[in-house]
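Written below as structure tokens is the structure these notes are about.
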Amino acid sequence: RQYGHERLTASGDQPRVQRRHRDHYRDLTARAEHEWFGPTQIAWLDRLRTEHPNLRTALEYSLGTPGESPVGLEMATGLLHHWMVNYYLTEGRDWLDRGLAAASERNAVRAKALWADAWMAIMQADSIPALRMLDEAGTIGVLLGSRSIDAYVELFRGMAAMYATDADSAIRYYEKAAAAHRELGDREGLALGLIWLCLASSLQRTSESAVEYGEEGLAICDAAGERWYKAYLTMALGVEAWRRGDVRDAAELVRGSLRSHRELDDPLGMGVDFEVLAWIAAAEKDFERAARLLGILRTTWRLIGAPPSGYAHLVHCHEECASRTRAAVGAHAFSVACEAGAAMPFDNALTYALGERRFTAPEPAGSPLTRRETEIAHLVAGGLSNKDIAARLVIAQRTAEGHVEHILNKLGFNSRAQIGAWVGKRRPPEGDVDS
């Protein structure tokens, strides 16, 4: 690659080739965004994961070349679901922040970039800048007379209210957003709003409304062949079933959600599913299983850096589950079961959570990694991106990418989530899951 770069530079043709490369990935991003809400969703996620280094290069060109920043902002916004599903939240926000700083025209692309950036900020508990971005997006929506922009601003204002545990205000925002998306025929915006309406209504114990919202969302997703939003809707309906005491239906729904999130390779979605399955196990008085699931959950949150702040309104359910489980089995047994869950290889943890295998204690094994690879594996487990790892270790980003690829190959893994679980298995105990 270095040799090829030197030859390209020497040829004098580098600017033209870089522009063609960027144009190709701009078109790829636009196609992925256009086809996202449909049956090719998983194929597009796999394609974007594979193309991640090329997408990064195309964004760097766009945001580093005079006059090209509007294209960079549009690309970074179009990759929203890539940042969300693959949990590149920090990297995605960095690209959007750069694009917003470089391309200041108050148009529909900027408004969408603002609410997309705000969504990721809310998921990272960064609500103050999120609300500031939503204010600007709302101003642009008024300026352009765009009901679509207004609807998304209302939707994410609702999410910010849910983060603040103000479910009444959240429901009002969600209902306004859903009504607008329904009228505009925006299936994606409506499906997202219905997920949160289902969860908020369940939190308010208005069971009939929660079920209606969830089932409407499922019908929309099924009609389009969509999987990601459907998985979260299924989880939300599982939470509602658990709340009303129907633990059998709850388990079936949440396991269905987990199967979809496994296929999508969405670590956030899998984490939320592990959480709810722990609550269900405690409700069934299977406290040892609940503790193991809480341990699995701890490894998952360690992988992505922190629990998802967008679901902060469910924290009290987690605390109640942990407290009840600890009281039932005793502090020592609780800690041992949590550690056993945290130490499970990620694939085993998934199949255990799905009820597809019995629990077996993990066997100790030596590490095939070099000292440097072990260091990088721990940084991956800590939620750092390749860019963050490169900065931390003062190495080239491509060198960091190469190390991560070698780690995956040596361990026989295909995702960063598996590296995180592998590291978690070898770490010494760190105390209780909710410490």
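Assorted remarks:
- A DSSP coil position with no more than 13 other Cβ atoms inside 10 Å describes none of the trypsin sites (Lys or Arg not before Pro) in the range 383-421.
- Under a Gaussian network description of the chain, with springs only between Cα atoms under 10 Å, the residue in 204, 124, 14 that fluctuates furthest is 14.
- Computed packing ranks the peptides 49-57, 69-77, 376-384, 193-201 as 193-201, 69-77, 376-384, 49-57, most packed first, by mean other Cβ atoms within 10 Å.
- For Cα extents along the principal axes in Å, the value computed from the atomic coordinates appears in the list [x] 67, 48, 31; [y] 70, 56, 36; [z] 87, 59, 45 under label [y].
- Each residue of the range 216-228 is assigned a 3J(HN,Hα), and the resulting list reads 4, x, 4, 5, 5, 5, 4, 5, 8, x, 8, 10, 5 Hz, derived from the Karplus form 6.51 cos²θ - 1.76 cosθ + 1.60 (θ = phi - 60°), x at Gly and Pro.
- Note on the range 1-73 and the range 229-288: Cα centroid distance 37 Å, given to the nearest whole angstrom.
- Residue with peak Gaussian network fluctuation, the chain [Cα springs, cutoff 10 Å], from 175, 373, 215: 373
Values in this text are rule-based calculations from the coordinates and carry no lab data. Predicted model, so just to flag it, every value in this text is computed and none were measured. Heads up, the Cβs are rebuilt from the backbone with ideal geometry, glycines too, and the neighbour counts pull from every protein chain shown.
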